[in-house]
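K.L.:
Got a structure for you, written out below as structure tokens; questions coming shortly.
We did not get these values from a lab; they are worked out from the coordinates using the rules stated. Please read all numbers here as calculations on a predicted model, not as lab measurements. So basically every Cβ, Gly included, is an ideal-geometry build from the backbone, and we count neighbours across all protein chains shown.
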Amino acid sequence: MTQTYRVFIDGEAGTTGLGIRERLDGMAGIELRSIAPDRRKDPDARREMMEQVDLVVLCLPDDAAKESAALAASLGTKAPKLLDASTAHRVDPDWAYGFAELHAGQGTRIAAAARVANPGCYPTGAIALIRPLVDAGVLPDDYPIAVNAVSGYSGGGKSMIEAHEKAGGPSFELYALGLEHKHLPEMQFYSRLTRRPIFVPSVGHFRQGMLVSVPLHLDALRGVFGPEILFDILEGHYPQGGQVRVLPPSDGGRIEAEDLNDTDLMELRVFGNEKRGQAVLVARLDNLGKGASGAAVQNLRLMLGLDKPAALEHAHA
């Protein structure tokens, strides 16, 4: 008989919370619990709920997520497992980083952890492209990395969604040009870069979908490497049939952002010009799927023992 685990989504009315709830609704082995809307901000109601469940997903702003984590910790041995979708704990050594495909053993660490920080959408793409090349010794850890990315407007929260859906919104805009985007710490740390990358995010007038790109000069890599070698390293890092897939360049040297919408997949590609000694690494994902709710459900299933990490790790061995 399958064990049933009780799950509470703290902040279930937000975009990520709704996406997680939709994925978990009716899933075998999961029983969703909720607090009445008029008591969602009541600390006593939330503490009482935390005592009754096995796992709490935090879909809250950073400060509120820290408060909820402290509230859970106050329960001592009765504390539930926590999965935090905010940026509050992503580089905290006491929290496991919830990118199961990061390296060998990361899925096992997530499965054993009481506290897991779900990755950001942009870092998911950037780290997936950069980390295998650093681990392979090909990409110097002090390489002056630039990460360019475009996301659908759903990644910008309630105000941005309203701006685009009610008023039309700009067709395209760069933002965070003060170079202090909140995803930079995890992007640098889990890519194992010693030099802080330059990150230039942007938003397009489409609801969801994401492209993350990293340009490289091949002569600045360690050794003599063409684009096909970079492809081989990425392909060897990720298991076949998993959520992260390494594919040949798309036809015509073009790629659009929305093809993976409503999936939990991520595609990685290497576009290159060996004659010019240049390459561009590209990740495509749904910012609401593998970039948010889909990754959270993957981590939740690992934390509750509903999935085993072995399949995520055999390709790294």
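K.L.:
Points 7 angstrom from Cα along the Cβ direction at LYS158 and PHE172: gap in nanometres?
P.N.:
Calculated label separation equals 3.1 nm.
K.L.:
Specify the residue with the greatest mean-square fluctuation among SER202, SER151, SER250, computed from a Gaussian network of the chain linking alpha-carbon atoms under 10 Å apart.
P.N.:
With Cα springs under 10 Å in the chain, the top fluctuation among SER202, SER151, SER250 is at SER250.
K.L.:
Would you mind telling me which residue in LYS166, LYS182, LYS41 has the biggest mean-square fluctuation in a Gaussian network model of the chain, where springs connect alpha carbons within a distance under 10 angstrom?
P.N.:
Among LYS166, LYS182, LYS41, the largest mean-square fluctuation in the Gaussian network model of the chain belongs to LYS166.
K.L.:
Taking amide hydrogens as modeled 1.01 Å from N in the peptide plane, which residues meet the under 5 Å criterion relative to LEU265, leaving out close sequence neighbours?
P.N.:
ASP286, LYS290
K.L.:
On full extension of the chain, what length is gained from ASP219 through ASP142, given 0.36 nm per residue of separation minus the C-alpha to C-alpha distance?
P.N.:
Working: separation 77, 0.36 × 77 = 27.72 nm, distance 1.45 nm.
Extra length from ASP219 to ASP142 when fully extended: 26.3 nm.
K.L.:
Under the 0.36 nm per residue contour assumption, what length would be gained going from the current alpha-carbon distance of GLU165 and ALA36 to full extension? Show your work: numbers first, answer last.
P.N.:
Working: separation 129, 0.36 × 129 = 46.44 nm, distance 2.83 nm.
43.6 nm is the gain from fully extending GLU165 to ALA36.
K.L.:
A further question follows. ³J(HN,Hα) across the range 89-106 via Karplus (A = 6.51, B = -1.76, C = 1.60, θ = phi - 60°), whole Hz, x for Gly/Pro?
P.N.:
10, 6, 10, 7, x, 7, 10, 6, 7, x, 10, 4, 8, 4, 6, 4, x, 5
K.L.:
Right, here's the next one. From the backbone phi of the range 203-210, what are the Karplus-calculated ³J(HN,Hα) couplings (6.51 cos²θ - 1.76 cosθ + 1.60, θ = phi - 60°) in whole Hz, Gly and Pro given as x?
P.N.:
Those phi angles translate into 10, x, 7, 9, 5, 8, x, 8 Hz.
K.L.:
Quick check: the angle from helix 227-237's long axis to the longest principal axis of the chain, C-alpha only, nearest 10 degrees?
P.N.:
Helix 227-237 and the main axis of the chain meet at about 30 degrees.
K.L.:
Continuing with the same structure: With the cut-off at 1.5 for a/c, could you classify the chain from its C-alpha gyration tensor as rounded, prolate or oblate? Can you show the working numbers first?
P.N.:
On the way: a/c = 1.95, a/b = 1.52, b/c = 1.28.
In terms of gyration-tensor shape, prolate.
K.L.:
Distance between the C-alpha centers of the range 1-43 and the range 105-147? Whole Å please.
P.N.:
If you average the Cα positions of each part, the centres end up 28 Å apart.
K.L.:
Helix 62-73 sits at what angle to the longest principal axis of the chain, using alpha carbons and giving 0 to 90 degrees rounded to 10?
P.N.:
Taking Cα atoms only, the helix is inclined about 50 degrees.
K.L.:
Amide H to amide H, which residues 5 or more places from ARG115 or on other chains are under 5 Å from it, using H placed in the peptide plane?
P.N.:
LEU82, ALA96
K.L.:
Now for a different question. Can you pick out the pairs among LYS81/LYS290; LYS158/LYS308; LYS41/LYS166; LYS66/LYS308 whose Cα atoms lie more than 32 Å from each other? Each step should come with its number before you reach the end.
P.N.:
On the way: LYS81/LYS290 21 Å; LYS158/LYS308 35 Å; LYS41/LYS166 28 Å; LYS66/LYS308 29 Å.
The answer is LYS158/LYS308.
K.L.:
Over the chain, what is the relative contact order in whole percent, taking alpha-carbon pairs under 8 Å and six or more residues apart?
P.N.:
On the way: 645 pairs, mean separation 62.7, N = 317.
Across the chain, relative contact order equals 20 percent.
K.L.:
Before anything else, pin down the relative contact order of the range 54-97: Cα pairs under 8 Å, at least 6 apart, normalised by residue count, whole percent.
P.N.:
Details: 44 pairs, mean separation 20.9, N = 44.
Averaging sequence separation for qualifying contacts and normalising by length gives 47 percent for the range 54-97.
K.L.:
Right, another one. Among HIS237, HIS89, HIS183, whose mean-square fluctuation peaks in a Gaussian network model of the chain (Cα, cutoff 10 Å)?
P.N.:
Ranking HIS237, HIS89, HIS183 by mean-square fluctuation puts HIS183 first.
K.L.:
For the range 211-291, state what percent of all Cα-Cα pairs lands in each successive 5 Å bin, counting from 0 Å until the bin that includes the largest distance.
P.N.:
With a bin width of 5 Å, the distribution comes to 3, 15, 25, 23, 18, 10, 5, 1.
K.L.:
Kirkwood hydrodynamic radius, the range 1-100, all distinct C-alpha pairs: what's the number in Å?
P.N.:
Working: mean 1/r = 0.0718 Å⁻¹.
Computed over the range 1-100, the radius equals 13.9 Å.
K.L.:
Over the Cα atoms of the range 33-192, each weighted equally, I'd like the Debye log10 I(q)/I(0) at q = 0.11, 0.17, 0.19 Å⁻¹, rounded to two decimals.
P.N.:
So the normalised log intensities work out to -0.57, -1.11, -1.22.
K.L.:
Counting pairs of Cα atoms in the range 15-57, how many percent are more than 17 Å apart?
P.N.:
Values: 343 of 903 pairs.
Result: 38 percent of Cα pairs exceed 17 Å.
K.L.:
Please compute the Kirkwood hydrodynamic radius of the range 173-317 from all pairs of different C-alpha atoms, in Å with one decimal. Display every interim value, and only then the final one.
P.N.:
Values: mean 1/r = 0.0588 Å⁻¹.
After inverting the pairwise mean of 1/r, the radius is 17.0 Å.
K.L.:
What is the local net charge at PHE231, summed over the other residues whose Cβ is closer than 14 Å to its Cβ (Lys, Arg +1; Asp, Glu -1)? All intermediate terms of the calculation are to be shown ahead of the outcome.
P.N.:
Numbers: positive: ARG245, ARG269; negative: GLU228, ASP232, GLU235, GLU267, GLU274.
With Lys, Arg at +1 and Asp, Glu at -1, the net is -3.
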